[in-house]
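Have a look at the structure below before the remarks.
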Amino acid sequence: METRKSEQEARRKAYGDLQGEQARVNSALQYEQLELEATRQQLAETPPYLTLQKAMTDDALWQMLAKGKGNRSTEVDWKSLQGRSLLTQEINPVYTELSSRKSQIEREVNAMIPRSMQLTQELERFSTVLHNLDTAVRTDEAALEKLKLEHDAGLERLATERSVQLEVLTRQSKQELDALTRERDNRLAQLDRDIERLKRLYDDLAKNYNQATLAKAQQEVEDVRLGAAAVPPDYPASRRIAMKSVLALLVGGMLGLFAAVIGDAVATAERGSE
């Protein structure tokens with residue numbers, strides 16, 4: 001399309017130049033034709049020859065008188081002798097100049113007419129080419145406008161579909177996130193209940209252990225009296241390593257189970273958010 005527009009501009013410029021040249025040629029041709037018509041009219045009104053009248057000389061007059069005297073029967077006519085004159089014809093220089101000028105103007109007119117006709121034909125050909133180019137450019141512009149409208153409509157349709165799909169995905173993601181959040185809250189609540197239960201179990205075990213320890217101490221020592229100062233024992237007292245090991249294993253298992261459940265819930269929530 002850009003190529004056609006460039007060609008159209010070049011053709012329009014050439015067409016304008018031809019129109020200008022045709023105007024100049026037609027103007028000059030019209031001026032020459034008017035001048036030729038005026039010259040022809042002047043030439044028609046101008047005589048080609050000039051008649052010159054010259055009076056008789058004295059010698060010619062005396063000769064005529066001598067002849068009249070010799071012929072006694074003829075009476076001399078003085079008035080006719082005085083009216084006689086010599087007539088001569090010469091080529092009119094104005095007529096010659098006008099004829100030469102007419103011939104020159106005719107040659108110029110005959111030279112301009114073919115150029116004027118050639119310019120007219122070229123202008124007609126350029127007019128046809130420009131009309132075809134204008135039609136082609138309008139067709140291309142209409143096709144381009146149609147493609148642009150289709151492109152805009154396609155973009156709008158894609159934007160609408162994208163918005164709808166994005167809304168659906170957002171809604172689905174929100175629903176999945178809400179489900180994961182509820183599942184996490186449920187698991188955390190269950191973990192809290194399990195921890196509370198294990199704590200109560202631990203408290204019960206510790207209470208039972210303390211009660212068992214006190215009962216055993218009461219069985220071993222029936223009556224406690226401060227009779228003398230304390231003395232070092234003969235053998236070391238028992239550290240009760242077995243009981244402490246059992247309690248440590250129980251507490252460590254509870255803490256490990258709690259940490260594992262918390263880690264699993266956090267990992268599940270992170271995967272759901274992704």
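Values quoted throughout were computed directly from the atomic coordinates according to the rules given, and no laboratory measurement underlies them. Keep in mind that what you see is a predicted model, and the values were worked out from it rather than measured. In this analysis, Cβ positions are derived from the backbone assuming ideal geometry, glycine residues included, and neighbour counts consider all displayed protein chains.
Points to keep in mind about this one:
- Counted charge near Asn110, where neighbours are those whose Cβ lies closer than 13 Å (Asp, Glu -1; Lys, Arg +1): 0
- Taking label points 7 Å from Cα along the Cα-to-Cβ direction, Asp178 and Met243 give a separation of 5.5 nm.
- Modelled FRET efficiency - R0 25 Å, Glu196 with Thr268, Cβ distances, 0.05 increments: 0.70
- Fully extending the segment from Ala189 to Arg125, taken as 0.36 nm per residue of separation minus the present Cα-Cα distance, adds 13.7 nm.
- Linear extension gain, Ala142 paired with Ala260, 0.36 nm per residue minus alpha-carbon span: 35.4 nm
- With R₀ fixed at 45 Å, the C-beta to C-beta distance from Thr170 to Asp17 puts the FRET efficiency at about 0.10.
- Legend: calculated FRET efficiency, Glu156 to Thr3, from the Cβ-Cβ distance at R0 = 45 Å, rounded to 0.05, equals 0.90.
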